[in-house]
Protein chains: 4
Amino acid sequence: MGRELKGIYQDKFQREIEIPIRVRYSETDQLGVVHDSNYFRYFEVARMEHFRSWGNPYGELERSNTLLVIIDMECKCRSPAYFHEILQVKAWIHKMTRFRIVHHYEITKNNKQIIATGKTVLASVSKEGLPIPLPDPLRNVWLRLRERKR
Amino acid sequence: MGRELKGIYQDKFQREIEIPIRVRYSETDQLGVVHDSNYFRYFEVARMEHFRSWGNPYGELERSNTLLVIIDMECKCRSPAYFHEILQVKAWIHKMTRFRIVHHYEITKNNKQIIATGKTVLASVSKEGLPIPLPDPLRNVWLRLRERKR
Amino acid sequence: MGRELKGIYQDKFQREIEIPIRVRYSETDQLGVVHDSNYFRYFEVARMEHFRSWGNPYGELERSNTLLVIIDMECKCRSPAYFHEILQVKAWIHKMTRFRIVHHYEITKNNKQIIATGKTVLASVSKEGLPIPLPDPLRNVWLRLRERKR
Amino acid sequence: MGRELKGIYQDKFQREIEIPIRVRYSETDQLGVVHDSNYFRYFEVARMEHFRSWGNPYGELERSNTLLVIIDMECKCRSPAYFHEILQVKAWIHKMTRFRIVHHYEITKNNKQIIATGKTVLASVSKEGLPIPLPDPLRNVWLRLRERKR
């Protein structure tokens, strides 16, 4: 996450992303619906895709000394999702502090019927597990996004 | 869930349960720790075990017209868990209303080091997805547990 | 799976399908690679997508009295796959008898580097678990595919 | 995996292990049975438990330069397993060559009704992915086990 990545962060980053995920058979349970724990896996897919859209695959962050670990996660399930349905999974950064990133999520189907909403809090830690500030390039994207919004 | 189950509920039920779960290799991720979504699976194992200890396997509830579906779930991750560690997963009923059960959870290792804490809210619904009151026997256990506590 | 579905099966069905699957973070293990059990989940996604391309979502088969259950599965892992790589998962019907369907699979990345190959055998059973012949429409597609090949 | 582990390997190791695994709700699919991919996760739990019974947690092997990676896996599913059933998962070493370990598995319930049987082949590779001979202590356990059998 050194200076060499800075260029990548200069434009075209978005605050949110929305991706389609088709429910897999293996993700259903005997109730005939998506097993709830999978919503966090869908959230993760969207979150990672979002980082990727910023030119910053999560893998690179990990290979540097910065780990983003989940310290808080929440999900409210509004209505069930079924095998082979296509869900729209939206993820966006709600807040970024020096040490944390708060994502919000919304899963819908069939033109905006809400399936689930959620939240995760990522903490920036070193490989040794100690808190370290988020890399500057990441912070800078956020600061610019906030300005743009105004 | 008719009258025939009532007898089973008459004694020996506890408000909480604690079970050991050994971390499986397949539950780790490339960070070398338990993938966070699995905590909800551990919570579920403890919750089901707790229902079972009441003489009321979850499967029976499902075979009746009562489904307990998750409408809210939360988890705070305090420190990581690793492959082949034995975790203690504690689940207890925090509250039961006519239509909902709120469970709380705590996962520890090594004599009380906290790994994660959590919460789920189950709603009682019919097979058609409509809210129905929780079965009386279940409610009665809860009411007696509350009395006992005083 | 009665006569009313016959029309759907008349053309455009292919013997094989190839779909891209991007490796999810939750699918890696502490070795830093895709956990092997996930290959069967990828195979399943491709198999289901293939049924779907025939106009016959697997869900419909299940809602009729015909279940396709796995009785045999194999996978040879040639080289590892990593988080965020895009894998090409190819599935094709190798053989169909009156009671069974044999699928073969091949997972590649980076223009044909082989990650894994596999096989599953599905048996056609009734909801009661007894063997029943595969629905005629499904058999007919297969017979026409075989002719076309010659 | 140096000399210091040798002592541990001197006795009490068994060729096979049998452990109980209770089916989790999250392991079922919408067919109402254990999703087939989970059998490989159960096999893995038994295999790891077996290594552990030899005084050689898999984690230690990994921390040394020796990785055991799956190159072949097979499973035959004979009859379904259901939520909350207790399965007996038996694993044993069928063969060990200089570079490979072949495990066989059998999952039963209710006093020997067979649910699934399986096989995995592990290859010994370095962290760089190159074949390296299995550590001597591991090989020696195997050689002694074979002698004992005669």
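The values are calculated or read from the model by the stated rules, or taken from the named source; none is laboratory data. It should be emphasised that the depicted structure is a prediction, and the values quoted were computed from it without experimental measurement. Cβ sites come from the backbone with ideal geometry, for glycine too, and all protein chains shown count toward neighbours. For accessibility, only protein heavy atoms count, side chains too; no ligands or nucleic acids. Shrake-Rupley method; radii C 1.70, N 1.55, O 1.52, S 1.80 Å.
Residue count for region A:57-104, restricted to those that are over 18 Å from residue A:124 (Cβ atoms), among the aliphatic types (A, V, I, L, M) and facing another protein chain (nearest Cβ under 10 Å): 0.
Yes or no: residue D:139 free of Cβ contacts under 8 Å to residues at least 60 places away in the same chain and open to solvent by 60 Å² or more (accessible area, probe 1.4 Å)? It would help to see each step written out before you state the result.
Details: free of Cβ contacts under 8 Å to residues at least 60 places away in the same chain: yes; open to solvent by 60 Å² or more (accessible area, probe 1.4 Å): no.
For residue D:139, the condition - free of Cβ contacts under 8 Å to residues at least 60 places away in the same chain and open to solvent by 60 Å² or more (accessible area, probe 1.4 Å) - is not met.
Answer yes or no: is there a residue in region B:110-125 that is farther than 16 Å from residue B:42 by Cβ and in contact (Cβ under 8 Å) with a residue 60 or more places away in the chain. There is no residue in region B:110-125 that is farther than 16 Å from residue B:42 by Cβ and in contact (Cβ under 8 Å) with a residue 60 or more places away in the chain.
Examine region D:119-132 for a residue that is touching a helix residue (DSSP H, G or I) at 6+ places or on another chain (Cβ under 7 Å) and either within 11 Å of another protein chain (Cβ to nearest Cβ) or at pLDDT 95 or above (or both), and state whether such a residue exists. Taking every residue of region D:119-132 in turn, at least one turns out to be touching a helix residue (DSSP H, G or I) at 6+ places or on another chain (Cβ under 7 Å) and either within 11 Å of another protein chain (Cβ to nearest Cβ) or at pLDDT 95 or above (or both).
For region D:1-35, a residue qualifies if it is away from chain A (no Cβ under 14 Å), touching a Leu at 6+ places or on another chain (Cβ under 8 Å) and modelled with pLDDT of 95 or more, and the qualifying residues are D:20, D:21, D:22.
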